[in-house]
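Peer 1: Dropping a structure here in structure tokens format, bear with me for questions.
The values are calculated or read from the model by the stated rules, or taken from the named source; none is laboratory data. Quick caveat, the model's predicted, so the values are computed rather than measured. Heads up, the Cβs are rebuilt from the backbone with ideal geometry, glycines too, and the neighbour counts pull from every protein chain shown.
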């Protein structure tokens, strides 16, 4: 179940009135969330991207604006304030985690683990794999994904392609 401000969202995208257990909720991103999403992305990813020679601010800024305005982004709220964001695509054949960022002050509090566990549970119920890509030098994120059963299936000079598959984790 994916938590929203009104409860949890089931596989049919209907909301059940259940309070969040971990103190975080999700809400659909709005265009006015761009500044928050961009600031968080830049703070977490600029140094990692620069290490790999990949920081292209104009292009990345446009990518984040497009993501926030594209209808697949949820803002993660804790203590009634934005602390992260998630871009999730639930396609017919798989669930794709395109982006997941949590403010450094809220990391290691279980938010990412619980959110990813709920996505994996949803995938298990739907008999779908979950795909994501993580930068090679983002070891902390990669360890989280691997701890939750994601396995590297491909790689390039920049990223690892990780997949969680039903029955393999």
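Peer 1: Of all residues being touching a strand residue (DSSP E or B) at 6+ places or on another chain (Cβ under 9 Å) and in a helix (DSSP H, G or I) in region 20-42, which is farthest from residue 111 (Cα to Cα)? Just the residue, please.
Peer 2: Restricting to residues being touching a strand residue (DSSP E or B) at 6+ places or on another chain (Cβ under 9 Å) and in a helix (DSSP H, G or I), the top hit is 33.
Peer 1: Can you tell me which residue among 99, 87 is in contact with a helix residue (DSSP H, G or I) (Cβ under 6 Å, 6 or more places away or on another chain), without any contact (Cβ under 8 Å) to a residue 60 or more places away in the chain and under 20 Å from residue 131 (Cα atoms)?
Peer 2: 87
Peer 1: Quick check on this structure: which one of 90, 156, 121 is under 14 Å from the mean Cα position of the chain (by Cα), farther than 18 Å from residue 41 by Cβ and surrounded by fewer than 18 Cβ atoms within 10 Å (Cβ to Cβ)?
Peer 2: Just one listed residue meets the conditions, 90.
Peer 1: Right, next: Do you know which residues across region 120-139 are within 23 Å of residue 55 (Cβ to Cβ) and either touching a residue at least 24 places away in the same chain (Cβ under 8 Å) or touching a helix residue (DSSP H, G or I) at 6+ places or on another chain (Cβ under 7 Å) (or both)?
Peer 2: Within region 120-139, 132, 133, 134, 135, 136, 137, 138 qualify.
Peer 1: Something else about it: Pairs needed: first member in region 143-159, on the phi > 0 side of the Ramachandran plot; second member anywhere, in a strand (DSSP E or B); C-beta distance under 9 Å; at least 6 residues apart or different chains.
Peer 2: That search, which allows pairs on different chains as well, returns 149/164.
Peer 1: I would also like to ask the following. Six or more apart or on different chains, Cβ atoms under 6 Å: show the pairs whose first residue is in region 51-77 and part of a helix (DSSP H, G or I) and whose second is loosely packed, with under 13 Cβ neighbours inside 10 Å and modelled with pLDDT of 95 or more.
Peer 2: 69/31
Peer 1: Right, something else. Restricting attention to region 100-135, report how many residues are at pLDDT 95 or above and assigned to a loop (DSSP other than H, G, I, E, B).
Peer 2: 4
Peer 1: List the residue pairs whose Cβ atoms are under 6 Å apart, where the first residue sits in region 22-40 and is surrounded by fewer than 18 Cβ atoms within 10 Å (Cβ to Cβ), the second is in a strand (DSSP E or B), and the two are 6 or more positions apart or on different chains.
Peer 2: The qualifying pairs are 23/78; 27/75.
Peer 1: Continuing with the same structure: Exactly one condition in (1) in contact with a strand residue (DSSP E or B) (Cβ under 6 Å, 6 or more places away or on another chain); (2) closer than 21 Å to residue 41 by Cα; (3) touching a residue at least 24 places away in the same chain (Cβ under 8 Å) is false for residue 163; which is it?
Peer 2: Every condition holds for residue 163 apart from (2).
Peer 1: Turning to a different aspect of this structure: For residue 104, state whether it is touching a residue at least 60 places away in the same chain (Cβ under 8 Å), closer than 24 Å to residue 30 by Cα and exposed (fewer than 14 other Cβ atoms within 10 Å of the Cβ).
Peer 2: In short, yes.
Peer 1: Here's a follow-up. Of all the residues that make up region 55-87, how many are farther than 17 Å from residue 35 by Cβ and surrounded by fewer than 21 Cβ atoms within 10 Å (Cβ to Cβ)?
Peer 2: Residues flagged as farther than 17 Å from residue 35 by Cβ and surrounded by fewer than 21 Cβ atoms within 10 Å (Cβ to Cβ) within region 55-87 amount to 8.
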